[in-house]
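Values quoted throughout were computed directly from the atomic coordinates according to the rules given, and no laboratory measurement underlies them. In this text, all values refer to a predicted model and were calculated from it rather than measured experimentally. Virtual Cβ from ideal backbone geometry, glycine too; neighbours counted across all protein chains shown.
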Amino acid sequence: MDCEKVSQLEESFLLGELEEAEMKSVKDHLASCLQCRQRLSNYEELLGRMFGAINPVAPAPWLKTATINRVTTLNSPATVTLAPRKSKPSFGYLYGGLAAVVLLGLVIWQFFLLGQVQNLQGQLNQNAQLLNFATSANTASWTMTPPGQPFKPGQPVAKMLAAPGGNFFYVSAAQLPALNAGQVYRVWYRNGNVAVFVGQLSPDQTGNASLKVPDPSAVAIKIKSCFITIEKASSPNTQPSNQPFLEWDEDTSKSATLYNDVID
Amino acid sequence: MKFLARNTVKTSIADLSVEELLSQIIKGRSEALEVMYDRYAGQVYAFLLRAVEPELAEELLQDVFLALWQKAGQFDATRGSFNAWFFTLVRHRVYDALRSRQHQGKVSSLSQMVDEQHQAEPFDTKLDLEEHILKLFRNEEIQQALQNLPLEQRQIILMTYFGGYSQRELAERLDVPLSTIKGRARMGLQKLRQLLPE
């Protein structure tokens, strides 16, 4: 490949549009041509600079958990090698009391460690369960947007996820504006004409919030609409008293998106 | 003052530079990737949301950081900045994913996904474009440089490099030859380079 051909392909190269063989040919040429390499490198720097100036949009918090879980599952589990125990000389009964105290301390420490390991195991199981749940082919998701509006980047959005036969459902929201003192976000779904309270969302400083809700009777998968309202914290959570701030409705939206329709 | 600066102790992994974080990633420390995620996920996600529908953006966001985890060792600071390298990686992931979905017949074109599912702004008018630039970029210098490009060059740069369109699709959409699109993209990048000197 010569400089002229590379020049013709350079926009496609930058975009990553080239087929593998063409991409390799361009790269081979760049390895030996300083002029072309310099020109393309300058364009990449320009695009990188523009990328650095993009207004960030905070992704939902569960995405970070899912990403890190995917990465950590790539790593082989750490193995611990126990050093062979060395036999120690006996110092007689004078040290018996001290040994008993140390032994007692070790037993207590062991119980403490066991508790820590169980806690950690619980967290890992929970993360794995959430990851399986979010990426399962049968998991349905409902995207809640401002009433009557399609999703737009940078605007508040929330997503409810549920799996058939699942015993919980999960709500994740992003870009939620900060509320006045005494106000809360409440999540609901409709069962017929009745609004059922799901839970309260507490956004962090970046407007992200998530909520995992037990669903022992697996009703979430059948819901016809779900929404989020802004309520007074002191108001009862039996019925919403305000119009939806974000909503998804089967009548006005497409049916719930199945992940396997979207993700390969 | 110099003494104090020299003796400042880095107390947290969050304080590390990008190069230091990448070397930690190469050693297999996932906490370093978490810090990189905290620093860059917002920009990657904003870019992805402009290029694909939200569900795919969520999947690609994970793929991008998985690729960063696997390819951190390929970054060479002597050959360019991290932003340039990382944004190339992000762009290529997007086009790989869209191309793979096209091959599987899930979409007939890249822009079909963008138009029908994501309702992305078409940027057909000068007003749309200007509004888009102000929303997409927070840096006034870059906003200004883009505003100073001729409309057709601005349109092509934003829709291809920051909008998930292939050049071929854009040619069809705007009803102009592919060579014209390529020419305008090249002119646009050259002019932007002049407007945004390093």
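Brief remarks follow.
- Distance between the 7 Å Cα→Cβ label points at A:LYS5 and A:SER202: 6.3 nm.
- Under 5 Å, built H, 5+ apart or other chain: amide partners of A:PHE245: A:ILE228, A:THR229, A:ILE230
- Residue order, fewest to most beta carbons within 10 Å, for A:TRP109, A:TRP188: A:TRP109, A:TRP188
- Each peptide in B:155-162, B:18-25 was scored by the mean count of other Cβ atoms within 10 Å over its residues; highest first, the order is B:155-162, B:18-25.
- Counting every other Cβ atom within 10 Å of each residue's Cβ, B:VAL52, A:VAL101, B:VAL176 order from fewest to most as A:VAL101, B:VAL176, B:VAL52.
- FRET E, pair B:LEU16, B:ARG193, Förster distance 45 Å, beta-carbon r, rounded to 0.05: 0.90
- Listed values for the range B:63-68 are Karplus-derived 3J(HN,Hα) couplings in whole Hz (6.51 cos²θ - 1.76 cosθ + 1.60, θ = phi - 60°), namely 4, 4, 6, 5, 5, 4, and x replaces Gly and Pro.
- Remark: the A:GLU19-A:ILE221 segment gains 68.6 nm on full extension, using 0.36 nm per residue and subtracting the alpha carbon distance.
- Per-residue ³J(HN,Hα) for the range B:191-198, Karplus 6.51 cos²θ - 1.76 cosθ + 1.60, θ = phi - 60°, Hz, x for Gly and Pro: 5, 4, 4, 5, 6, 10, x, 5
- Inter-site label distance for A:TRP109 and A:LYS27 at 7 Å from Cα along Cβ, in nm: 5.1 nm
- Residues whose amide H falls under 5 Å from that of A:ASN191, counting only those 5 or more places apart or on a different chain, are A:VAL196, with hydrogens built in the peptide plane.
- Taking a Cβ cut-off of under 11 Å around B:TYR37, the surrounding Lys, Arg, Asp and Glu residues balance to a net charge of -1, with basic ones at +1 and acidic ones at -1.
- Each residue of the range B:139-145 was assigned a 3J(HN,Hα) from its phi angle through the Karplus curve 6.51 cos²θ - 1.76 cosθ + 1.60 (θ = phi - 60°); the sequence is 8, 5, 4, 6, 4, 5, 4 Hz, with glycine and proline shown as x.
- Near the amide H of A:THR139, within less than 5 Å, lie the amide hydrogens of A:TYR259, all on another chain or at least 5 residues away, with H placed in the peptide plane.
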